[in-house]
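One structure is given below, encoded as structure tokens.
The values are calculated or read from the model by the stated rules, or taken from the named source; none is laboratory data. Small disclaimer: the values here were computed from a predicted structure and weren't measured. For neighbour counting, all protein chains shown are included, and Cβ atoms are generated from backbone atoms with ideal geometry for every residue, glycine included.
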There are 2 protein chains.
Amino acid sequence: MSRILRLNMTDKTFAWQEVPAGWAGLGGRALTSRIIREEVPPTCHPLSASNKLVVAPGLLTGAPAANVGRISVGGKSPLTGGIKESNSGGLVSIKLARLGVKAVVVEGKPEGEDWSLIKISGEGVEFLPADDYAGLGNYDTTERLWERFGKGVGVMSIGQAGEKRLTGASIQFADPAGRPGRAAGRGGLGALMGSKRLKALVVDDRSASAVPLNNPEKFKEASRKWAKYLLEHPVSGQALPAFGTAVLINIVNEAGALPVQNFRGGRFEFAEDISGERMVELIKARGGKTKEGCHPGCVIQCSQTYHDKDGKYLTSGFEYETIWALGANTLIRNLDEIAVIDRLCDDFGLDTIEMGCTLGVLMEGGVIPWGDGPAAIEMVKQVATDDAWGRIIGNGSVFTGQALGVDRVPAVKGQGLPAYDPRAEKGVGLTYATSPMGGDHTAGYCVAVNIVGSAGGGNPLKKEGNIDLSRNLQVATAAIDSTGLCLFVAFPVLDNPDALQCIVDMINARYGLSLTGDDVTALGGKVLSDELSFNREAGFTKAHDRLPDFFKENLKPHDVTWDFSDAEVDQVLEGF
Amino acid sequence: MSRILRLNMTDKTFAWQEVPAGWAGLGGRALTSRIIREEVPPTCHPLSASNKLVVAPGLLTGAPAANVGRISVGGKSPLTGGIKESNSGGLVSIKLARLGVKAVVVEGKPEGEDWSLIKISGEGVEFLPADDYAGLGNYDTTERLWERFGKGVGVMSIGQAGEKRLTGASIQFADPAGRPGRAAGRGGLGALMGSKRLKALVVDDRSASAVPLNNPEKFKEASRKWAKYLLEHPVSGQALPAFGTAVLINIVNEAGALPVQNFRGGRFEFAEDISGERMVELIKARGGKTKEGCHPGCVIQCSQTYHDKDGKYLTSGFEYETIWALGANTLIRNLDEIAVIDRLCDDFGLDTIEMGCTLGVLMEGGVIPWGDGPAAIEMVKQVATDDAWGRIIGNGSVFTGQALGVDRVPAVKGQGLPAYDPRAEKGVGLTYATSPMGGDHTAGYCVAVNIVGSAGGGNPLKKEGNIDLSRNLQVATAAIDSTGLCLFVAFPVLDNPDALQCIVDMINARYGLSLTGDDVTALGGKVLSDELSFNREAGFTKAHDRLPDFFKENLKPHDVTWDFSDAEVDQVLEGF
């Protein structure tokens, strides 16, 4: 039976808790959001002892199925002040699941300044001193932890940004190759982990046995079909493995929705230079790897190893969002410069989307010139120094805007906006406005329908249909994020009703349940209710469900504006 | 007939507007808040062109009566994101009233980077280039403007902090001696003025005639009694003129409500060193002045000229709040060091309360040592340089807390708390929590009753009576702030029912009205309604009416905590 592990950072003790009845059917985001909802005072300071950091594998994680190894990390967000779930690949999720850990709840806060490292294994839980790791980046931290505890252990860690409790800080996860290139990036959860003075969590499942399956035969049958659906879909089976998520640069640019120069235009003159196609060309020429999974069991393989011009490892997990944020958004068009910043962000533990928006604001304020990659690199390096600029930019786009007196800041609920202009992709614009997560695309990825053309396609430039689309996808995503499944399963699921049935069948076979597709959808709705009610008590109102005013400006090439009325926006999550 | 002057900063034009019927009976805070309520979109970015800066003399300002020369400055606060009225002494209020200007509304925002200076006189309104003044502190700015436009002109200006649009920026007003020691300090209105690229407003009333009085005889009769009441009250007639507002250091310290070391204790071991008594001793020994008015017509004279140890002018308007914030709160106990910071704040245009709270947070974060005056001075100096620390601390206590990952930040709605610990002065604690202004003492100064003993006194340590007290004073203050009267008239008004009647009689004689005391109170309620409804639409909820959690800690010497329930706090402004 799975249990909840509570780590008390105040007195460095731990306790195992049987899973309360109300949490039994929950996993991943459903569980992190429920625990936060029930146990964290919504008005507490996010860096105070009252906040909790919750880490939970999904309902399917650890079972022998494709793409179920994502981890959910939750807390009251230091960046937005609202509830947050940020999910990531890596090794920790599967290992926790195999060890029978349904969730880890990190509570309290030590009086002193010393750092801890916590090891979870089949032998138990150990609090270890970690002052020797303080000040290290995630690369050095992960390397040392693999040396110390064995190659292949799961590592979840923070870099200098999280140690400094900067609200743009991520939590990084070592990938199967031992590089900290996977991130629970959004919402500043690295700052929350830093406030607990927890440098890293190490998970060693070598003595664990397989995750129990209630009906192994049925599970096998469903999971075999599931992998087939993933591999047969042109997006998850071909486009993503071929070019990574950066395949979207050319696609979104073509759609006129690629935000350029701090959301001034929708089409980037130099998109080709930073495209997925270009990236793959460079990777091949330099001896990197074009296909990798972010966790064991991934059949999509949208990750990669990116080498520098001397053929030396530079970065991995080099995503579309990252390349856009640090590239088109800042007018930097040298992929190597963008890769250097990505590497620095992974190392220091910084959300690349937030940093990209922040660099845009920094350029807006005239601190560094537009498109100046070397200057941007130097600025990002300050995050790991004592320089005050590092403290400014490490706190994200809204903070940097305030520091500079710049009012053109692309953010909702304090979180910088991702790689789709809401005027030319109105569905995802509604998600930005209304998601309890703040400005976020994954929470209701209408792009899959409106731009990629799944589920029969939609119109990204018109209002029609997008209110329902954003709502339905926000509900479905909350469910998907509770299973441990990677979000890219959305493509086959949207196009093939049988794929959703596969997920339901796997959950049923794993736990001996008889859920239907409607039950899974209902779970998504409950997750949103938990999250929205937390936010309401934290002080969020409809007034926070608004895009910045400058989106009323015209956007080229399609001559579109953000034209939803407040009342229309408010319909999206009405009733939750 | 008075008119509204609209200054359009987008195209550098102006227009005169007849006073709309709904605004006729309004002045000061009632008028600034009404205009903001009606014309500023509550969710706009405070530094965007949609925000407006409104400057309004009070209903009685300009008339021949004691202490009616205060000016109200309003806008959507860059610091709190809510509505703001900040009021100040100086010369501008009376001169605007004499020129028949009921309010100045500064609108729009220029495209370019050039600075403007606007001169209002009997000859008209002039937009003048002000790039030559950019980068100057308020001292140099005021001196040059008096040289250029004549000694005695009214000056309202911003320093480097406002130019940089830092949210701790004040707007400074030249006092009768030409020193920019008076401030609309709170809420970052200097940043709003900076966003309009308005360096200074100059008001020359030399060609104006006296303010018209509907019934001069009745006015004279009421105003004579009024001055007598002010002069006869022991607080406004003796204590304040003798020691300035700093007379409160020893009084509040004795009451155990003087916040020490970022609100860790209620009694300061070295209070004597920074007391009003000590200040007066130094002023007398060094040839300063112990009694001055912040505006012509003041009979209280709580201001002063403070010289340095060489007998050279150092600062003026050296208030209790300032001395506490930069002193007891930071453990700095050298009055000269505190005076240097006060001078820097006036010069750069920074709110001294916010800066004091900020320095406390900076010490909390270990950036500079507790009690280190010279280090604090060096930090404050960075506000006028290109150093990023200046941008951090100039944005106030909450911002600095975020930069440093410090969660012990004494603020409500983003605004640093003033000089009374809410645990040991529970009435003002309720005002901090609930005022639409954010953490503010003037909005409902329960100290006058609970600690100074007016109106029969109250108990600052117990909950009983304080909900009503805070509400009643918040309503009354909103009315007082609409008249142009200085807040210290509260002492005689609280102790003598006839003093309130005097105010009503003066308003009636000025305008030919027949208001009663109840009408004036009703005006206060309407002001609060305007402000609270603006804030609700801006996204404020009851969740924002909360003190930071650390006030649940015990406070010495009285062993008190913040023990109001949320429901009790919510009663304070229920119904408005």
> How about segment A:122-140: which of its residues are under 24 Å from the mean Cα position of the chain (by Cα) and among the aliphatic types (A, V, I, L, M)?
Replying inline: A:Leu136
>> Looking at (1) in contact with a Ser or Thr (Cβ under 9 Å, 6 or more places away or on another chain); (2) surrounded by 24 or more Cβ atoms within 10 Å (Cβ to Cβ); (3) over 21 Å from B:Val153 (Cα atoms), which one does B:Gly28 not meet, given that it meets all the others?
In response: (3)
> Out of all the residues in segment A:401-427, which are facing chain B (nearest Cβ under 9 Å) and at positive phi?
Replying inline: A:Gly405
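Residue by residue, here is whether (1) under 25 Å from the mean Cα position of the chain (by Cα); (2) surrounded by fewer than 23 Cβ atoms within 10 Å (Cβ to Cβ); (3) under 27 Å from B:Ile368 (Cβ atoms) holds:
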residue	(1), (2), (3)
B:Glu272	no, yes, yes
B:Arg278	yes, yes, yes
B:Pro296	yes, yes, no
B:Gln301	yes, yes, no
B:Lys312	no, yes, yes
B:Ser316	yes, no, yes
B:Ile323	yes, no, yes
> When you go through (1) within 14 Å of another protein chain (Cβ to nearest Cβ); (2) touching a Lys or Arg at 6+ places or on another chain (Cβ under 8 Å) one by one for B:Glu18, which number turns out not to apply?
Replying inline: (1)
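What residue, among those in segment A:550-563 that are assigned to a loop (DSSP other than H, G, I, E, B) and over 16 Å from A:Val412 (Cβ atoms), is nearest to the other protein chains (Cβ to nearest Cβ)?
It comes out as A:Glu553.
From the residues in segment A:514-549 that are of a type in the set (A, V, I, L, M) and touching a residue at least 24 places away in the same chain (Cβ under 8 Å), which one is farthest from the other protein chains (Cβ to nearest Cβ)? Talk me through it step by step, then tell me what you get.
Step one: of segment A:514-549, the residues of a type in the set (A, V, I, L, M) are A:515, A:520, A:522-523, A:527-528, A:532, A:538, A:543, A:547.
From what's left, touching a residue at least 24 places away in the same chain (Cβ under 8 Å): A:520, A:523, A:527-528, A:532, A:538, A:547.
On the way: A:Val520: 32, A:Leu523: 27, A:Val527: 22, A:Leu528: 19, A:Leu532: 14, A:Ala538: 6, A:Leu547: 10 Å.
By that ranking, first place goes to A:Val520.
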>> All but one of (1) out of contact with any Lys or Arg (no Cβ under 8 Å at 6 or more places or on another chain); (2) among the polar types (S, T, N, Q); (3) more than 14 Å from chain B (Cβ to nearest Cβ) hold for A:Gln160; state the number of the condition that does not hold.
In response: (3)
> For A:Gly28, which of the numbered conditions (1) under 24 Å from the mean Cα position of the chain (by Cα); (2) at negative phi; (3) more than 14 Å from every other protein chain (Cβ to nearest Cβ) fails to hold?
Replying inline: (2)
>> I'm told A:Gly484 meets every condition in (1) in contact with a strand residue (DSSP E or B) (Cβ under 6 Å, 6 or more places away or on another chain); (2) within 14 Å of chain B (Cβ to nearest Cβ) except one. Can you identify the failing condition by its number?
In response: (2)
> Failed condition for A:Ser514, given (1) part of a loop (DSSP other than H, G, I, E, B); (2) crowded, with 24+ Cβ neighbours inside 10 Å, with all others met?
Replying inline: (2)
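Do we have B:Ser93 as part of a strand (DSSP E or B) and crowded, with 24+ Cβ neighbours inside 10 Å here?
no
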>> Restricting to segment B:36-74, name every residue that is farther than 21 Å from A:Gln402 by Cβ, of a type in the set (A, V, I, L, M), touching a residue at least 60 places away in the same chain (Cβ under 8 Å) and outside any loop (DSSP other than H, G, I, E, B).
In response: B:Val55, B:Ile71
> Of the residues A:Gly366, A:Gly456, which is free of Cβ contacts under 8 Å to residues at least 40 places away in the same chain, at positive phi and assigned by TED's automatic domain parsing to the domain that holds A:Ser275?
Replying inline: A:Gly366
> Among the residues of segment A:31-51, which ones are within 14 Å of A:Gly187 (Cβ to Cβ) and away from chain B (no Cβ under 14 Å)?
Replying inline: A:Thr32, A:Ser33, A:Ile36
> Can you tell me which residues in segment A:243-270 are buried (at least 20 other Cβ atoms within 10 Å of the Cβ) and more than 24 Å from A:Trp562 (Cβ to Cβ)?
Replying inline: A:Phe243, A:Gly244, A:Thr245, A:Ala246, A:Val247
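Have a look at A:Val504, A:Val475 and point out the one that is away from chain B (no Cβ under 14 Å), closer than 25 Å to A:Pro41 by Cα and modelled with pLDDT of 95 or more. Steps first, answer last, please.
Numbers: A:Val504 fails: closer than 25 Å to A:Pro41 by Cα.
Selected residue: A:Val475, the only one of A:Val504, A:Val475 that is away from chain B (no Cβ under 14 Å), closer than 25 Å to A:Pro41 by Cα and modelled with pLDDT of 95 or more.
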> What number of residues within segment A:177-200 are more than 14 Å from chain B (Cβ to nearest Cβ), in a loop (DSSP other than H, G, I, E, B) and within 24 Å of A:Gln415 (Cα to Cα)?
Replying inline: 3
>> As an exercise: evaluate A:Lys109 against (1) within 14 Å of chain B (Cβ to nearest Cβ); (2) of a type outside the set (Asp, Glu); (3) part of a helix (DSSP H, G or I) and give the number of the one condition it does not meet.
In response: (3)
> Are there any helices (runs of 4 or more DSSP H) wholly within segment B:293-400 with 2 or more residues that are within 14 Å of chain A (Cβ to nearest Cβ) and at pLDDT 95 or above, and if so which?
Replying inline: B:352-364, B:373-381, B:388-393
> How many residues are assigned to a strand (DSSP E or B) and either within 23 Å of the chain's Cα centre (by Cα) or more than 26 Å from B:Ala538 (Cβ to Cβ) (or both) when one looks only at segment B:6-25?
Replying inline: 5
> Does segment B:475-497 hold any residues that are polar (S, T, N, Q) and under 19 Å from B:Gly456 (Cβ atoms), and which are they?
Replying inline: B:Thr477, B:Asn496
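Any residue in segment B:51-73 that is among the small types (Gly, Ala, Ser), in contact with a Cys (Cβ under 8 Å, 6 or more places away or on another chain), under 30 Å from B:Asn215 (Cα atoms) and buried (at least 19 other Cβ atoms within 10 Å of the Cβ)?
Yes, because at least one residue in segment B:51-73 is among the small types (Gly, Ala, Ser), in contact with a Cys (Cβ under 8 Å, 6 or more places away or on another chain), under 30 Å from B:Asn215 (Cα atoms) and buried (at least 19 other Cβ atoms within 10 Å of the Cβ).
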> Where residues in segment A:146-156 are closer than 14 Å to A:Pro176 by Cα and over 21 Å from the mean Cα position of the chain (by Cα), which of them is surrounded by the most Cβ atoms within 10 Å (Cβ to Cβ)?
Replying inline: A:Val153
